[in-house]
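Shown next, in structure tokens, is the structure this report addresses.
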């Protein structure tokens with residue numbers, strides 16, 4: 001006799017939606033995301049490690065391509081799907097409508113940096129650098145001591161772009177690669193919460209076109225003051241004029257973001273602290289998930 005649990009598993013498998021593929025063998029996004037949207041896991045791009053099976057989102061521009069790549073990094077415990085919330089009106093949808101290629105990157109993000117560092121000023125930057133590079137750094141939180149290079153943001157970004165360039169050769173993905181890796185000067189690096197802090201660090205490490213921080217960075221000491229690594233110095237590779245932030249009033253998860261932007265040297269016009277919230281969404285998630293309320297703000301952030 002076939003067990004009921006087995007029957008249920010067989011039924012669910014038979015009824016599960018089948019993946020639809022492009023001519024190049026890329027999995028297509030759900031139709032709500034529009035055309036030329038692909039799902040690519042790090043595993044498909046040839047990398048292992050934690051989260052390697054998580055879907056990353058890659059979208060071609062829906063308007064005239066500007067030759068710029070919008071990278072998105074999710075918050076703690078999230079995934080690249082966060083940037084797709086809202087379909088055509090999502091962060092990804094608005095980005096592609098502005099002529100940008102879009103790539104939501106999966107990385108090792110299961111724990112919040114604030115929880116790992118607990119206000120220890122010397123912990124924040126090496127912990128983030130470990131997550132960005134996939135190489136454990138001296139002084140980083142113990143929770144990232146076992147991180148693998150294939151779990152880091154930079155490795156997954158490069159591998160995914162190479163995979164897309166092969167599977168979607170007409171898509172323009174190769175424009176964002178060089179012989180040494182990622183063509184950083186052609187990127188808009190964005191992120192929400194923990195991901196926004198990583199975006200800031202990438203802007204410190206590389207000369208990028210733009211850094212876009214949604215409800216972030218949040219690295220603060222126990223007294224609420226900004227972490228030292230966020231102080232603008234000559235070593236920052238991206239000019240302060242290319243950093244922009246969006247924050248919603250009442251954000252108790254990341255209350256330090258406005259003060260951090262000032263410490264980072266952002267001009268007042270680049271610090272939007274009036275992002276609206278919406279029903280069912282808290283102030284911390286609002287800059288990413290309240291789509292119709294923030295769409296015009298996003299357009300301003302992403303326009304040439």
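Since every read-out is calculated from the coordinates, none of them should be taken as a lab result. This one's a predicted model, so the numbers in the text were calculated from it and none came from an experiment. Cβ placement follows ideal geometry from the backbone for every residue including glycine, while neighbour counts extend to all protein chains displayed.
Which order, highest average first, do 42-51, 272-281 follow once you tally other Cβ atoms within 10 Å for each residue and take the mean per peptide?
42-51, 272-281
Among 223-235, 124-136, how do they line up from the highest to the lowest mean number of other beta-carbon atoms within 10 Å? Please report the intermediate quantities before stating the final value.
Details: 223-235: 13.9, 124-136: 23.1.
So the peptides 223-235, 124-136, ranked by packing, come out 124-136, 223-235.
With a Cα-only, solvent-free Debye model of region 176-304, what are the log10 I(q)/I(0) values at q = 0.15, 0.20 Å⁻¹?
So the normalised log intensities work out to -0.66, -1.11.
Using only the Cα atoms of region 264-304, what are the Rg and Dmax in Å?
Using the Cα atoms of region 264-304, the pair Rg, Dmax is 11.2, 33 Å.
Could you compute how fast region 85-161 diffuses translationally, taking Rh as the Kirkwood radius over C-alpha pairs and applying Stokes-Einstein at 4 °C with viscosity 1.567 mPa s? Give it in µm² per second.
Reported coefficient: 94 µm²/s.
For residue 267 and residue 65, FRET efficiency with R0 = 35 Å and r from the beta-carbon atoms, rounded to 0.05?
0.75
If the viscosity is 1.002 mPa s and the temperature 20 °C, what translational diffusion coefficient in µm²/s does Stokes-Einstein give for region 62-108 when Rh comes from Kirkwood over Cα pairs?
Rounded, D is 197 µm²/s.
With n ≥ 4 as the cut-off for DSSP H runs, can you work out [θ] at 222 nm for the chain, using -39500 (n - 2.57) per run divided by the number of residues, rounded to the nearest 500?
Computed mean residue ellipticity for the chain: -8500 deg cm²/dmol.
Residue 292 versus residue 20, label points 7 Å from Cα toward the beta carbon: distance in nm?
Those two pseudo-labels are separated by 2.6 nm.
At 1.567 mPa s and 4 °C, plugging the Kirkwood radius over alpha-carbon pairs of region 186-225 into Stokes-Einstein gives what diffusion coefficient in µm²/s?
126 µm²/s
Any idea how far the Cα center of region 94-136 sits from the one of region 250-298, in Å?
The distance from the Cα centre of region 94-136 to that of region 250-298 comes to 18 Å.
Label residue 231 and residue 274 with points 7 Å out from Cα along Cα→Cβ: what is the distance between them in nm?
Result: 3.2 nm between the two label points.
Subtracting the Cα-Cα distance from 0.36 nm times the residue separation, let me have the gained length for residue 299 to residue 146 in nm, one decimal.
Details: separation 153, 0.36 × 153 = 55.08 nm, distance 3.91 nm.
51.2 nm is the gain from fully extending residue 299 to residue 146.
Between residue 110 and residue 165, 0.36 nm times their residue separation minus their Cα-Cα distance comes to what?
16.9 nm
Per residue, what volume in Å³ does the Cα convex hull of the chain take up?
152 Å³
Normalised by the residues of region 30-302, what does the relative contact order come to in percent, with Cα pairs under 8 Å and at least six apart? Don't skip to the end; give the middle numbers.
On the way: 636 pairs, mean separation 44.5, N = 273.
Computed value for region 30-302: 16 percent relative contact order.
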